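Reviewing the structure listed below.
The values are calculated or read from the model by the stated rules, or taken from the named source; none is laboratory data. Since this is a predicted model, take the numbers as computed values, not measurements. Cβ placement follows ideal geometry from the backbone for every residue including glycine, while neighbour counts extend to all protein chains displayed. Surface accessibility is based on the protein's heavy atoms, side chains included, excluding ligands, DNA and RNA. Shrake-Rupley method; radii C 1.70, N 1.55, O 1.52, S 1.80 Å.
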Amino acid sequence: MATIDVPEQVSVLADAEALRKACKGWGTDEKAIISVLGHRNAVQRKQIRLAYEDLYQEDLIKRLESELSGDFEKAVYRWILDPADRDAVLANVAIKKLSPDHHVIVEISCTRSPEELLAVRRAYQARYKHSLEEDVAAHTKGDTRKAYITTSNRGGQSDSGGLRSSRHIKEVKGCRSLVPEMLSDDQLLVALVSAFRYDGEEINTRVANSEAKILHEAVKDKEFNHEEIIRILSTRSKMQLMATFNRYRDDHGTTITKNLEGDSGDEFLKTLRATIRCLNDPKKYFEKVLRNSIRRVGTDEDALTRVIVTRAEKDLKDIKELYYKRNSVPLDQAVAKDTSGDYKALLLTLLGKED
């Protein structure tokens, strides 16, 4: 459930006028901006932007960007955008970083509905004149996971830990049938952002059973980048995947994510774990992102803002409840302790708890 408190009756003209007044003269009335935008849903915020532009021949977003600064400005900017446009911006920022934030791409790809993800891809293309898939592929190259060739035990190992002979290596290079195709971060991420999954409730138990076995064999052999893993994760419906993950747990007494724990520096493995967690239990995933953003030395404002802003109109109330169960501290209290000023006031408003 959502956490924002939206009044039943709203005048977008009055809201536009209030925002204009908040930005006029010496100084900016940040509290007035929060009192308006922090209590309006996505449809209303869009209507306010249109009304503001019609009244004052000025882009409200640009005006707010020029008036505000720091974490507060970033949070307001994220909040006022249409959800699909916001996700497009988040994706672009994530993939253009020196070290791309793969987990942000995973979040957008795996926690949005098929129609929402399609809208994100359209918004990305309209804003950046590139496809999201194109940019994901271009900016995640070089992350190819090499572990299969260096650690596979199929056919024995040489003293140096590689495959047993140069002849076998040549056969591997020349014949895909001998080993699964080695895939990479960019191929997994492109497959995820390109997905348009079935969004219904129906599942196929036989498929769940067989694909749970496929996943287990790949994980057991540490073939984490097996093409079958990527096929399953990027094409099956979320309900089908949940059935598969449950079968895996029932058959092997542990979750697949527990079996994927390993080298903390392995980007592909981290991306794979995030993918499964987002698909299987997004609320639990987001609770952990919030917990980590607050617990770390120095608050991770980007992660904190991203989760609160993107989930406030969806399931943030449920995430808050999970947070309390896991940490014995209300999320509002934890956020209030780790943030300050207008940034703190906006986040608490979106959490449904006034400062």
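Under 14 Å from a label point set 7 Å out along the Cα-to-Cβ vector of Ser194, no amide N atom of segment 276-300 is found.
Cα gyration tensor of segment 201-279, axes a ≥ b ≥ c as square roots of the eigenvalues: rounded (a/c below 1.5), prolate (a/b > b/c) or oblate? Mind showing how you got there, number by number?
Details: a/c = 1.75, a/b = 1.51, b/c = 1.16.
Since a/c reaches 1.5 and a/b is larger than b/c, the shape of segment 201-279 is classed as prolate.
Between Gln333 and Ile214, what's the calculated FRET efficiency when r is the beta-carbon distance and R0 is 41 Å? Round to 0.05. Spell out each step's value before the answer.
On the way: r = 44 Å, r/R0 = 1.08.
Taking R0 as 41 Å, the efficiency between Gln333 and Ile214 is 0.40.
The mean sequence distance of close C-alpha pairs (under 8 Å, at least 6 residues apart), as a share of the length of the chain, puts its relative contact order at 20 percent. Taking the average, over residues, of other Cβ atoms within 10 Å as the packing measure, peptides 274-281, 92-99 rank 274-281, 92-99 from highest down. Sketch the reach of a paramagnetic label on Lys21 as a point 7 Å from Cα along Cα-to-Cβ, and name the residues of segment 36-72 whose backbone nitrogen lies under 13 Å away. Counting only backbone N, you get 36. Net charge dipole, segment 1-68: roughly 40 debye, given to the nearest 20, about the Cα centre with Cβ charges of +1 for Lys and Arg and -1 for Asp and Glu. For the listed peptides 189-198, 321-330, a ranking on the average number of other beta carbons within 10 Å per residue, highest first, reads 189-198, 321-330. Solvent-accessible surface of the chain, taken per residue with a 1.4 Å probe and all protein chains present: 50 Å². Taking the accessible area of segment 1-68, probe 1.4 Å, and keeping the other protein chains in place, the carbon and sulfur fraction comes to 50%. Quick check on my link table: of Lys31/Lys353; Lys96/Lys129; Lys220/Lys325, which ones sit more than 24 Å apart, alpha carbon to alpha carbon? Long pairs (Cα-Cα over 24 Å): Lys220/Lys325. Taking 0.36 nm per residue of separation and subtracting the current Cα-Cα distance, fully stretching the chain between Tyr56 and Glu261 would add 68.3 nm.
What 222 nm value per residue comes from the helices of the chain, counting each DSSP H run with n ≥ 4 as -39,500 (n - 2.57) and dividing by all residues, nearest 500 deg cm²/dmol?
Working: 22 runs with 237 residues, N = 355.
Calculated mean residue ellipticity at 222 nm is -20000 deg cm²/dmol.
Explain nothing, just the number: dipole magnitude of the chain about its Cα centre with +1 on each Lys and Arg Cβ and -1 on each Asp and Glu Cβ, in debye rounded to the nearest 20. Please report the intermediate quantities before stating the final value.
Numbers: 59 positive and 59 negative charges, 199 e Å.
So the magnitude is around 960 debye.
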